[in-house]
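Participant: Questions regarding the structure given below will be posed in turn.
The values are calculated or read from the model by the stated rules, or taken from the named source; none is laboratory data. Quantities reported herein were computed from a predicted structural model and do not represent experimental measurements. A quick note on method: Cβ atoms are made from the backbone with ideal geometry, for glycine too, and the neighbour counts reach across all protein chains shown. Please note that ligands, DNA and RNA were not included when accessible areas were found on the heavy atoms of the full protein model with its side chains. Shrake-Rupley method; radii C 1.70, N 1.55, O 1.52, S 1.80 Å.
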Amino acid sequence: MDDYVASRRVPAYRMLMTSITIPRPDDWHLHLRDGAMLEGVMAHSARDFARAIIMPNLVPPVVTGAQARDYRERILHALPEGLGFEPLMTLYLTETTDPEDVAAAANSGLVHAVKMYPAGATTNSQSGVRDFDKVTAVLEKMAEIGLPLCVHGEVTDAQIDIFDREAVFIERVLDPLRRRIPQLRVVMEHVTTKDGVDYVRSQSNMGATITTHHLIINRNHILAGGIRPHYYCLPVAKREEHRLALRQAAASDDPHFFLGTDSAPHPTDLKENACGCAGCFTAPNTMPLLAHIFEEEDALDRLAAFASINGPAFYGLPVNEAEMTLVKRDEANEFPSSIETGAGPVHVFDPQMPVHWHVSRT
Ligand code: DOR
Ligand code: ZN
């Protein structure tokens, strides 16, 4: 870690019990979509986050450098005047991805990672990878140039129980891959299990993002007392012991772990559906929720590491110069239950608890 990062590491000297100032956070895993949905959700991320790793699972997916350049333009076009935000683009890995195109897009500074979806694992993953041997040349090129691979860590084998798919992915896909190409920098995206946390901790050249919602819900929230489609996401939330392991990891100051909201907007009617889409929309309320969680963990002084410092350190980028102040007030937030977009209303993640931490907008 360089001196600059180290000097920003412990902002506790500015921390009072009711106020905390951290370097402006980044979101290392974000779905912005396209068209009317992009227009509707863009401001909700840009208000609180300086940068985000932009997921490429559009239809059709963002596979080439040229497609990423065009998508970046559309994102910047959707950005309201006065809000600073830098989209960090990614490419969607397919079995026919050209290693030279990836290298050119990375070397130009446009692309910051490649995303690997096992085919069929989640929303718009049909073009993902079926035979992992077919992407070896791309992964070797990425290892050579230091470009990170972001993985959706679930097997798609119908024989494997959905609650076991992350742990089995580590054993069958991730660990063999890491042994084959140990220099490849890998982010295990939206880690949801103690198995995942333990594995990442044991590795070098590796990081993991943790979502806001997986720090708050376990599988009971989805299924007990009625089926709640707005808590359904992938990887699906697991047992309580796993949620506790995630909270411990996020609040531990371990540089392996950083915030990736996986904020994934879907129109409400496609969530409240006989075959509902996976995804929680947390962009508008993530930062108050994180302050609440870190206070509960007695770790407010570690919020900066998780939300603002560990991510840029992994991606080799500077910590943001700007700052964010969160204040604790007597009144709880009144988060909107949904936002309106040109693609229809989108339900905002409901933490089902009063949250007294607010982002200071003065
Ligand atoms: O819940 C999820 N939603 N998980 C993913 O992996 C994809 C995302 C989406 O794009 O909707
Ligand atoms: Zn995602």
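Participant: Is it true that Ala291 is surrounded by fewer than 23 Cβ atoms within 10 Å (Cβ to Cβ) and either closer than 27 Å to Leu38 by Cα or within 11 Å of ligand 1 (Cβ to nearest atom) (or both)? Please lay out each step first, then the result.
Facilitator: Details: surrounded by fewer than 23 Cβ atoms within 10 Å (Cβ to Cβ): no; either closer than 27 Å to Leu38 by Cα or within 11 Å of ligand 1 (Cβ to nearest atom) (or both): yes.
So Ala291 fails the test.
Participant: Next question, about the same structure. Filter the helices (runs of 4 or more DSSP H) completely within the range 192-289 down to those with at least 3 residues that are out of contact with any Phe, Trp or Tyr (no Cβ under 9 Å at 6 or more places or on another chain).
Facilitator: In the range 192-289, the matching helices (runs of 4 or more DSSP H) lie at 194-201, 240-250, 268-271.
Participant: Follow-up question, since we're still on this one. Name the helices (runs of 4 or more DSSP H) wholly inside the range 1-120 in which the number of residues that are on the phi < 0 side of the Ramachandran plot, more than 15 Å from ligand 2 (Cβ to nearest atom) and at pLDDT 95 or above is 2 or more.
Facilitator: Filter on the range 1-120 gives 35-46, 65-78, 99-107.
Participant: Any chance the range 122-130 includes a residue that's within 16 Å of ligand 2 (Cβ to nearest atom) and either on the phi > 0 side of the Ramachandran plot or assigned to a helix (DSSP H, G or I) (or both)?
Facilitator: Checked against the condition, which is being within 16 Å of ligand 2 (Cβ to nearest atom) and either on the phi > 0 side of the Ramachandran plot or assigned to a helix (DSSP H, G or I) (or both), the range 122-130 yields at least one hit.
Participant: Another one. What residue, of Leu259, Leu244, Leu234, Leu223, is of a type in the set (A, V, I, L, M) and in contact with a helix residue (DSSP H, G or I) (Cβ under 6 Å, 6 or more places away or on another chain)?
Facilitator: Leu259
Participant: Could I ask something else about it? Scan the range 290-304 and tell me whether some residue there is within 17 Å of the chain's Cα centre (by Cα), touching a residue at least 60 places away in the same chain (Cβ under 8 Å) and farther than 30 Å from Lys271 by Cα.
Facilitator: yes
Participant: Something else: Hey, can you tell me all the residues within the range 262-281 that are of a type outside the set (Gly, Ala, Ser), more than 16 Å from Val236 (Cβ to Cβ) and within 11 Å of ligand 1 (Cβ to nearest atom)?
Facilitator: Passing the criteria: Pro265, Leu270, Phe281.
Participant: Open to solvent by 10 Å² or more (accessible area, probe 1.4 Å) and under 28 Å from Pro336 (Cα atoms), is that true of Leu38? Outline the logic, then answer.
Facilitator: Details: open to solvent by 10 Å² or more (accessible area, probe 1.4 Å): no; under 28 Å from Pro336 (Cα atoms): yes.
Criteria not met by Leu38.
Participant: Collect the residues in the range 140-167 that are more than 13 Å from ligand 1 (Cβ to nearest atom), within 21 Å of the chain's Cα centre (by Cα) and not aromatic (Phe, Trp, Tyr), keeping them in residue-number order.
Facilitator: Answer for the range 140-167, where residues must be more than 13 Å from ligand 1 (Cβ to nearest atom), within 21 Å of the chain's Cα centre (by Cα) and not aromatic (Phe, Trp, Tyr): Met142, Gly146, Leu147, Pro148, Leu149, Val155, Asp164, Ala167.
Participant: Being surrounded by fewer than 21 Cβ atoms within 10 Å (Cβ to Cβ) and out of contact with any helix residue (DSSP H, G or I) (no Cβ under 6 Å at 6 or more places or on another chain) is the filter here; which residues of the range 133-148 pass it?
Facilitator: Across the range 133-148, the qualifying residues are Asp133, Lys134, Thr136, Glu140, Ala143, Glu144, Gly146.
Participant: Given the residues Asp175, Asp164, Asp157, which is the only one that is assigned to a helix (DSSP H, G or I), open to solvent by 50 Å² or more (accessible area, probe 1.4 Å) and charged (D, E, K, R)?
Facilitator: Asp164
Participant: If you don't mind, another one. Does Leu234 satisfy the condition of being buried (at least 24 other Cβ atoms within 10 Å of the Cβ) and within 16 Å of ligand 1 (Cβ to nearest atom)?
Facilitator: Details: buried (at least 24 other Cβ atoms within 10 Å of the Cβ): no; within 16 Å of ligand 1 (Cβ to nearest atom): yes.
No; evaluated as a whole, the condition is false for this residue.
Participant: Is it true that Thr209 is open to solvent by less than 60 Å² (accessible area, probe 1.4 Å) and within 16 Å of ligand 2 (Cβ to nearest atom)? Don't jump to the end; show me each part of the working.
Facilitator: Values: open to solvent by less than 60 Å² (accessible area, probe 1.4 Å): yes; within 16 Å of ligand 2 (Cβ to nearest atom): yes.
Answer is yes for this residue.
Participant: Sticking with this structure for a sec: Quick check on Phe257: is it under 17 Å from the mean Cα position of the chain (by Cα), open to solvent by less than 40 Å² (accessible area, probe 1.4 Å) and over 22 Å from Ala43 (Cβ atoms)? Spell out the reasoning first.
Facilitator: Details: under 17 Å from the mean Cα position of the chain (by Cα): yes; open to solvent by less than 40 Å² (accessible area, probe 1.4 Å): yes; over 22 Å from Ala43 (Cβ atoms): yes.
The answer is yes for Phe257.
Participant: Being aromatic (Phe, Trp, Tyr) and over 20 Å from Ala43 (Cβ atoms) is the filter; apply it to the range 300-348 and report the residue that is surrounded by the most Cβ atoms within 10 Å (Cβ to Cβ).
Facilitator: Taking the candidates together, the pick is Phe306.
Participant: Being closer than 16 Å to Gln352 by Cα, modelled with pLDDT of 95 or more and open to solvent by less than 20 Å² (accessible area, probe 1.4 Å): is that true of Ile181 here?
Facilitator: no
Participant: What number of residues in the range 104-135 are of a type outside the set (Val, Ile, Thr) and within 16 Å of ligand 1 (Cβ to nearest atom)?
Facilitator: Qualifying residue count, the range 104-135: 13.
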